[in-house]
Amino acid sequence: MSPIVIAIDGTSASGKSTNAKLVSKSLGYTYVDTGAMYRTLAWYCLKEKIDIHDPKKVGAACRKWKTTLACVEAQVRLLVDGYYPTKEIRTAETSAAVPHIAAVPKVRDWMKQQQRSCTQFGNLVMEGRDIGSVVFPETDFKFYLDATLAERERRRLAEGVDENLAERDHRDSQRATAPLMIPLGAIVINNSGLTAEETTRQIVTQIRQRLPTSRA
Ligand code: DC
């Protein structure tokens with residue numbers, strides 16, 4: 001039986017991480033944060049002083065770096081030289097760099113290959129920007145989360161992060177390769193007025209309705 005993949009895409013601060021984690025717990029599936037994988041490459045480029053504005057150099061870095069995928073407590077981690085840079089990938093500097101490296105076609109090819117190989121860890125809940133459109137277009141379980149810009153800014157500020165979400169979403173949706181979009185067949189949930197638990201309940205209900213009874 002091939003593993004089930006739940007694809008959760010959406011804008012920045014639309015609750016993808018919170019909901020993807022809650023959904024994965026609720027179903028007992030492995031959680032994959034693909035944004036963290038792009039952030040890891042951005043962090044690596046900054047650390048190695050690779051010019052993030054030079055697609056050739058960034059693409060070459062992807063061929064060169066030594067990475068492994070590990071699954072720890074039902075969450076997939078991308079390790080670089082055996083190291084998991086959990087804090088470093090959340091700095092403002094990394095956040096600002098990541099849309100540049102995420103626009104490089106060679107990077108996206110590399111990430112897609114790694115992300116598809118995550119099925120080695122079983123059934124997945126994978127969140128990102130192109131999971132339902134590019135990474136697992138064949139899955140029957142696609143969700144797209146969104147909320148008003150004001151609500152998303154409020155959420156980020158509550159986390160102590162003041163970033164230009166409109167600018168990041170603009171870059172993510174305008175890039176030529178694998179832009180942020182609503183995947184064909186995705187269920188769109190605007191969760192501006194919903195709690196995370198309410199959003200997760202909607203997602204899990206939809207999944208259970210679609211799962212074959214042998215796998216529900
Ligand atoms: O979800 P996040 O904020 O951690 O994502 C970081 C950046 O990575 C964001 O600018 C979009 C990009 N990204 C992407 O292009 N494709 C993905 N599948 C996941 C993230």
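The figures follow:
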| item | result |
| --- | --- |
| Selected residue [in contact with a helix residue (DSSP H, G or I) (Cβ under 7 Å, 6 or more places away or on another chain), open to solvent by less than 10 Å² (accessible area, probe 1.4 Å) and hydrophobic (A, V, I, L, M, F, W, C)] from Ala20, Ala61 | Ala61 |
| Helices (runs of 4 or more DSSP H) within the range 99-216 that include 1 or more residues over 20 Å from Val23 (Cα atoms) and polar (S, T, N, Q) | 105-116, 165-174 |
| Test for Gln115: is it within 13 Å of Tyr31 (Cβ to Cβ), open to solvent by less than 20 Å² (accessible area, probe 1.4 Å) and polar (S, T, N, Q) | yes |
| Any hit, the range 2-15, residues being surrounded by fewer than 15 Cβ atoms within 10 Å (Cβ to Cβ), at pLDDT below 95, not in a strand (DSSP E or B) and not hydrophobic (A, V, I, L, M, F, W, C) | yes |
| Residue match in the range 123-134 (condition: open to solvent by 20 Å² or more (accessible area, probe 1.4 Å), more than 17 Å from the chain's Cα centre (by Cα) and not hydrophobic (A, V, I, L, M, F, W, C)) | no |
| From the options Gly128, Gly122, residue that is within 12 Å of the ligand (Cβ to nearest atom) and at pLDDT 95 or above | Gly128 |
| Residue in the range 79-95 that is of a type outside the set (S, T, N, Q), within 12 Å of the ligand (Cβ to nearest atom) and open to solvent by less than 10 Å² (accessible area, probe 1.4 Å) present | yes |
| Among residues of the range 96-106, those that are β-branched (Val, Ile, Thr) and more than 9 Å from the ligand (Cβ to nearest atom), counted | 1 |
| Extreme residue, farthest from the ligand (Cβ to nearest atom), among residues of the range 160-181 that are small (Gly, Ala, Ser) and open to solvent by 60 Å² or more (accessible area, probe 1.4 Å) | Gly160 |
| Complete set of residues in the range 135-160 that are without any contact (Cβ under 8 Å) to a residue 60 or more places away in the chain and in contact with a Ser or Thr (Cβ under 8 Å, 6 or more places away or on another chain) | Thr148, Glu151 |
| Test set (1) under 27 Å from Phe141 (Cβ atoms); (2) away from the ligand (no atom under 13 Å from the Cβ) - Lys47 fails condition number | (1) |
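The values are calculated or read from the model by the stated rules, or taken from the named source; none is laboratory data. As the structure is a prediction and not an experimental result, all values here were calculated from the model. Methodologically, a virtual Cβ is constructed for each residue, glycine included, from the backbone with ideal geometry; neighbour enumeration extends over all protein chains shown. To get the accessible areas, we keep the full protein, side chains included, count just its heavy atoms, and leave off ligands, DNA and RNA. Shrake-Rupley method; radii C 1.70, N 1.55, O 1.52, S 1.80 Å.
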